[in-house]
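To start, the structure under review is shown below, and the notes come after it.
Only the coordinates and a few stated rules stand behind these numbers; no lab work does. Quantities reported herein were computed from a predicted structural model and do not represent experimental measurements.
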Amino acid sequence: MKRLLIVDDEADVREFAANFFRKRKIDAITAGNGEEALKIIDNEDLGLVLLDINMAGLSGIEVLRRIREKNRDIKVIMVTGTKPEEGSSFDQCQQLGALDYIHKPLQLEELERVVISNIQ
């Protein structure tokens, strides 16, 4: 099984999600910002990226755009604290090929279902 990359500028969210998946035998690695995520994406064989939209520095949408320029096959699921109808970010993410949209606070059952059904 390929690795899961969790990208979030909130350390507690990032580590909570990583530990949740490690307990389920999924190899989870983390990045605290977009630049760090892009370096990992260049060097790792990833099955799935959980990508926070609202981060300091590079936004999740910009990171998604750059991921698509490098590799159209990496599966990306966006994580957000806002509802899709509250902005254009949902449409942008879909146009850039995001598979799904998960809302904070993270619902563990939803998170597990979405990740396990999409990771290779």
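Structure notes:
- For the chain, averaging the sequence separation of C-alpha pairs within contact (under 8 Å, six or more residues apart) and dividing by the residue count gives a relative contact order of 25 percent.
- The average projected area of the range 9-79, computed from the convex hull of its Cα atoms over all directions, is 4.3 nm².
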